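Computed from the coordinates by the stated procedures, all read-outs in this text should not be read as laboratory data. As the structure is a computational prediction, the values presented were derived from the model and not from experiment. Quick reminder, even Gly has a Cβ in these numbers, built from the backbone with ideal geometry, and neighbours come from all protein chains shown.
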């Protein structure tokens with residue numbers, strides 16, 4: 001990964017999309033405000049504008065597999081969304097297994113005093129951060145080997 005590459009990670013749900021972005025060096029993931037879904041066309045346009053404004057060069061999208069590793073209905077929906085996002089932005093899409101990100105995010109915020117109405121958007125954002133940070137950690141390890 002070059003120093004100019006920035007990755008925008010998405011935890012795509014039907015009501016919200018958790019967002020995280022890499023720093024310019026590709027070392028750390030920072031959470032962004034969770035995107036409340038307003039319709040596919042508007043959501044993709046919002047993500048396109050965000051990508052342009054932040055200098056994003058690639059999307060990393062959580063692949064919601066069943067615990068068995070099999071594809072899920074949500075995975076089909078996510079892939080359709082990703083395909084349209086790729087067409088509309090011209091940016092490449094990469095998928096990463098997200099089976100454990102929501103559970104890890106829930107454990108992290110449990111007992112942290114997050115209000116009930118804020119809990120789900122916070123979990124979505126933290127899931128995107130965990131997804132992206134694990135990806136960045138694996139690519140840094142690969143570059144150092």
Quiz item: Under a plain spin-label model, where a point goes 7 Å from the Cα along Cα-to-Cβ, how far apart in nm are residue 23 and residue 49?
Solution: 2.8 nm
Practice problem: Kindly rank 20-31, 81-92 from highest to lowest mean number of other beta carbons found within 10 Å of each residue. | Solution: 20-31, 81-92
Exercise. Report the extension gain between residue 95 and residue 139 in nm, rounded to one decimal, defined as 0.36 nm multiplied by the number of residues separating them, less their alpha carbon distance.
Key: 14.4 nm
